[in-house]
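**Student:** Handing you this structure, nothing more for now.
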Amino acid sequence: MIKATLFPIAAMLLFGNWFYTKEMKAPEAITLYEVKPTIENSNQPTTTIRVERNQVERVTTILMEIVPEMMKFSVDTFKVKAGDKIILEIDNLDGMQHNLLIAKPGTLDKVGAAADAMLRDPKASSKFYIPEIPEVLFSTKMIGPQEFYTLTFTAPTEPGNYPFACTFPGHWRMMNGIMVVEG
């Protein structure tokens, strides 16, 4: 038993210097662990947004992705015309569930606080973590990983900056943006 334990230690002490002939100085050691970002290893999302507008029928179609492992939507702002029919296609490329809601201008913090408060509601998951308050205008169900969901609604007639967010617990602070409604 003692031989089995001491032999590897003795071998490391005797032969260890044969493998490391050059002593490394601090800057060299640090350089070995530096990774310079390149296009190949960058985790930056590639923005995928498709906006199509049929002016005759006043229909706008928008494709938005949920960026994998980044807790964000592929866009933080998109524009629509007041009163148009909006087809918002959401592609959840992430490995977890998300939702999306659109709220009245200036109410993101209030809606987010209401979403946080839903953690005390035992029925929150059956409500898709969408707060039942008048500030919420449009919302989706929970969109599963690799699921595609279409939300269809009529854009508000009042121009303004309408926040959108994922209100799954803890997500709204990072996963939010603005739908700009133009007159």
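**Student:** Exactly one condition in (1) of a type outside the set (S, T, N, Q); (2) in contact with a helix residue (DSSP H, G or I) (Cβ under 6 Å, 6 or more places away or on another chain); (3) part of a loop (DSSP other than H, G, I, E, B) is not met by Pro163; state its number.
**Tutor:** (3)
**Student:** Could you pull out the residue among Glu65, Glu69 that is loosely packed, with under 14 Cβ neighbours inside 10 Å, among the acidic types (Asp, Glu) and within 16 Å of Asn176 (Cα to Cα)?
**Tutor:** Selected residue: Glu69, the only one of Glu65, Glu69 that is loosely packed, with under 14 Cβ neighbours inside 10 Å, among the acidic types (Asp, Glu) and within 16 Å of Asn176 (Cα to Cα).
**Student:** Determine if the range 112-123 includes at least one residue that is over 13 Å from the mean Cα position of the chain (by Cα), closer than 28 Å to Glu52 by Cα and surrounded by 14 or more Cβ atoms within 10 Å (Cβ to Cβ).
**Tutor:** Looking for residues that are over 13 Å from the mean Cα position of the chain (by Cα), closer than 28 Å to Glu52 by Cα and surrounded by 14 or more Cβ atoms within 10 Å (Cβ to Cβ), one finds none in the range 112-123, hence no.
**Student:** Return yes or no: is Pro159 surrounded by fewer than 18 Cβ atoms within 10 Å (Cβ to Cβ) and farther than 20 Å from Ser74 by Cα? Walk me through it before giving the result.
**Tutor:** Working: surrounded by fewer than 18 Cβ atoms within 10 Å (Cβ to Cβ): yes; farther than 20 Å from Ser74 by Cα: yes.
So Pro159 fits the description; yes.
**Student:** Can you tell me which residue is nearest to the chain's Cα centre (by Cα) among those in the range 85-111 that are crowded, with 20+ Cβ neighbours inside 10 Å and farther than 14 Å from Met175 by Cβ?
**Tutor:** Leu88
**Student:** If you don't mind, another one. Considering only the range 145-156, how many residues are exposed (fewer than 14 other Cβ atoms within 10 Å of the Cβ) and in a loop (DSSP other than H, G, I, E, B)?
**Tutor:** Residues flagged as exposed (fewer than 14 other Cβ atoms within 10 Å of the Cβ) and in a loop (DSSP other than H, G, I, E, B) within the range 145-156 amount to 2.
**Student:** Give the residue that is nearest to the chain's Cα centre (by Cα), with candidates limited to residues of the range 166-183 that are within 30 Å of Leu119 (Cβ to Cβ) and part of a strand (DSSP E or B).
**Tutor:** Ranking the qualifying residues of the range 166-183, first place goes to Asn176.
Only the coordinates and a few stated rules stand behind these numbers; no lab work does. For clarity, every value in this text was computed on a predicted model and none was experimentally measured. Cβ sites come from the backbone with ideal geometry, for glycine too, and all protein chains shown count toward neighbours.
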